[in-house]
There are 2 protein chains.
Amino acid sequence: MGDRTRRAILERLAVHPCPVGELAAQLPVSRPAVSQHLKVLKESGLVSDETVGTRRVYRLNPAGVQALRDQLDMFWNRALANYETAVRGDAEAADNPETEEK
Amino acid sequence: MGDRTRRAILERLAVHPCPVGELAAQLPVSRPAVSQHLKVLKESGLVSDETVGTRRVYRLNPAGVQALRDQLDMFWNRALANYETAVRGDAEAADNPETEEK
DNA sequence: CGCGACGGTAAGTCGTAACTTACTGTTCGT
DNA sequence: ACGAACAGTAAGTTACGACTTACCGTCGCG
């Protein structure tokens, strides 16, 4: 989801990799909440983690981010493209009224 | 929000403008639900409406769609850009260990 | 006019996402 | 080897978004 906390986590991770505790300290939610968010972010391929000692450092996964960005982009572009063709179709119909259905 | 019904409505409107009832007939939800979705879509500037007789025809607002698309794009680009600079910063630190803080 | 179609609004229900507290497991330090 | 720090998991609560039913206003048509 595109909720506030999720985005905040991504922004923090974009600046620099971070362990869970440090991340939670900067946010208005508890540490387990951050853990859960990180879980779904990892499942979505947006972040990756690396265990170092007793800490778990999370970092942004640029490939995943790029993939999601592209998907989003495709959706909006398709919407705009369909709109374009629809407008063009209407214009044609206006030019050739006999082409109308029914 | 990016929920299923919302996206479905946008896709339908991208193909061609539509009154509320027709829209609701194509979707698995009731008409008032569609009305509520259209309300927030209008407030977001993604659609515009025009009253014609007793009907209310909604159409896609390409400017609004473009604006949202750009915003989204900016967010993801910023994330990726920050990541880039962070990586570069780390590389510098690795090259000049004496630059490390503490 | 008054009746029927169309659509927005109010009020209430329901499901689920987000969060909390409490617990368990792993790893490092001494 | 024991204790402390750090993090994931379970269970439960809470808040919110999507949906429904019911109602009201508006326009067109006979």
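The values are calculated or read from the model by the stated rules, or taken from the named source; none is laboratory data. Predicted, not measured: the structure shown is a model, and the values here were computed from it. Cβ atoms come from the backbone with ideal geometry, glycine included; neighbour counts cover every protein chain shown.
Tell me which of these B:Gly2 doesn't satisfy, since it passes every other one: (1) under 28 Å from A:Ala8 (Cα atoms); (2) out of contact with any Gly (no Cβ under 7 Å at 6 or more places or on another chain).
(2)
I'd like the residue in region B:53-64 that is aliphatic (A, V, I, L, M) and touching a residue at least 24 places away in the same chain (Cβ under 8 Å) and, out of all such residues, is nearest to DNA strand C (Cβ to nearest atom).
Taking region B:53-64 and keeping what is aliphatic (A, V, I, L, M), we get B:57, B:60, B:63.
Going one step further and asking which of them are touching a residue at least 24 places away in the same chain (Cβ under 8 Å), we end up with B:57, B:60.
Values: B:Val57: 7, B:Leu60: 15 Å.
Among those that are aliphatic (A, V, I, L, M) and touching a residue at least 24 places away in the same chain (Cβ under 8 Å), it is B:Val57.
Return only the number of the condition from (1) away from DNA strand D (no atom under 16 Å from the Cβ); (2) within 29 Å of A:Arg88 (Cβ to Cβ); (3) of a type in the set (Asp, Glu) that B:Glu50 does not satisfy.
If we test B:Glu50 against (1) away from DNA strand D (no atom under 16 Å from the Cβ); (2) within 29 Å of A:Arg88 (Cβ to Cβ); (3) of a type in the set (Asp, Glu), just (1) comes out false.
Can you run down the residue pairs with Cβ atoms below 6 Å, 6 or more apart or on separate chains, where the first is in region B:1-30 and free of Cβ contacts under 8 Å to residues at least 12 places away in the same chain and within 22 Å of B:Val52 (Cα to Cα) and the partner is near DNA strand C (Cβ under 9 Å from one of its atoms) and assigned to a helix (DSSP H, G or I)?
Going by the 6 Å Cβ cut-off, the qualifying pairs are B:Ala24/B:Arg31; B:Ala24/B:Val34.
If the requirement is being among the β-branched types (Val, Ile, Thr), under 30 Å from B:Ala14 (Cβ atoms) and surrounded by 15 or more Cβ atoms within 10 Å (Cβ to Cβ), which of these qualifies: A:Val34, A:Val20, A:Val65, A:Val47? Even if it seems obvious, please write down each step before you answer.
Working: A:Val34 fails: under 30 Å from B:Ala14 (Cβ atoms); A:Val20 fails: under 30 Å from B:Ala14 (Cβ atoms); A:Val47 fails: under 30 Å from B:Ala14 (Cβ atoms).
When all the criteria are applied, what remains is A:Val65.
A quick yes/no check of all residues on (1) part of a helix (DSSP H, G or I); (2) within 8 Å of chain A (Cβ to nearest Cβ); (3) within 22 Å of the chain's Cα centre (by Cα):
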| site | (1), (2), (3) |
| --- | --- |
| B:Val34 | yes, no, yes |
| B:Lys39 | yes, no, yes |
| B:Arg56 | no, no, no |
| B:Arg59 | no, no, yes |
| B:Gly64 | yes, no, yes |
| B:Arg69 | yes, yes, yes |
| B:Trp76 | yes, yes, yes |
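Being closer than 18 Å to B:Gly2 by Cβ and among the basic types (Lys, Arg): is that true of A:Arg69 here?
Values: closer than 18 Å to B:Gly2 by Cβ: yes; among the basic types (Lys, Arg): yes.
It is true that A:Arg69 is closer than 18 Å to B:Gly2 by Cβ and among the basic types (Lys, Arg).
Determine which single condition B:Gly89 fails, assuming it passes every other condition in (1) at pLDDT 95 or above; (2) away from DNA strand D (no atom under 16 Å from the Cβ).
(1)
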